[in-house]
Amino acid sequence: LYDVNADRAQAHDVAATHPGIVADLRRRYEAWWDTVAPRLNEFVPVSLGAAAENPVLLTSSDWQDAYADNSNHVRNAAGGPRGGPWNVNIERAGAYEFALRRWPFDLDAPLDGNITPPGKALPISAAKLAVAGQQLTAPAAAGAKEVVFRTNLPAGRTQLQAWFQDADGRDLCGAFFVRVTLSDR
């Protein structure tokens, strides 16, 4: 506990001289924690299909249970052979388009290519998308920068996972970047 008016650097703890304030703060904290603790494993979903933000760009930094949140992780295909799922909330039922990329959209680099500084080139020849109970597969043409899926989705909370495979169907890495668009058709 600090008197920030008298001790702006917070160098002197005054908790011992104010046990009533400390007890009150502890009681308030415990009451707050009791409301939070039961929901610690609930993930806050990313909204898809909302009128205020369409399209939405998903990145691997929001994967559940897979750590790939910087450019070095992307260059070296970290996060496991499928990456991780995104927790999403489909705001409006409709026709959605998913553009899956390994590299950031602004790099405009091919899926099976490399970037500077060098990373790990992968023989990407297919992509998979799992969302709202659907599992879709599409080929990745040599030199393609992305693989695009189109599907109808119902409204509601779900998980979305996207990854790339080689010609033998082996999982290589997650799609580190996915642009999701609710189309007007």
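The values are calculated or read from the model by the stated rules, or taken from the named source; none is laboratory data. Keep in mind that what you see is a predicted model, and the values were worked out from it rather than measured. Because the Cβ atoms are built from the backbone with ideal geometry, glycine has one as well, and the counts that use them run over all protein chains shown. Heads up: the accessible areas ignore ligands, DNA and RNA and are worked out on the full protein's heavy atoms, side chains in. Shrake-Rupley method; radii C 1.70, N 1.55, O 1.52, S 1.80 Å.
Remarks
- Residues whose placed amide H lies under 5 Å from that of A77, excluding near-sequence neighbours: K120
- Largest mean-square fluctuation among R170, R92, R39, in a Gaussian network model of the chain whose springs join Cα atoms under 10 Å apart, belongs to R39.
- Our coupling estimate for region 109-117, obtained by passing each phi through the Karplus curve with A = 6.51, B = -1.76, C = 1.60 and θ = phi - 60°, is 9, x, 3, 8, x, 10, 10, 10, x Hz, Gly and Pro reported as x.
- Residue-averaged 222 nm ellipticity for the chain, from DSSP H runs of 4+ at -39500 (n - 2.57), nearest 500: -4000 deg cm²/dmol
- (1) 1.41; (2) 1.16; (3) 1.77, with the label sought being that of the calculated Cα Rg over 2.2 N^0.38 Å: (1)
- For the peptides 80-86, 9-15, 98-104, residues were scored by their other Cβ atoms within 10 Å and the scores averaged per peptide; the highest-first order is 98-104, 80-86, 9-15.
- Every pair of different Cα atoms in region 46-95 enters the Kirkwood calculation, which places the hydrodynamic radius at 12.1 Å.
- Accessible carbon and sulfur surface of the chain relative to its total accessible area, %, 1.4 Å: 51 percent
- For the chain, the relative contact order is 27 percent, taking Cα pairs closer than 8 Å that sit 6 or more residues apart in sequence and dividing their mean separation by the residue count.
- Acute angle (nearest 10 degrees) that the helix 19-36 long axis makes with the longest principal axis of the chain, alpha-carbon atoms: 30 degrees
- Label-to-label distance, nm, for residues given as A15 and D65 (7 Å Cα→Cβ offset): 3.6 nm
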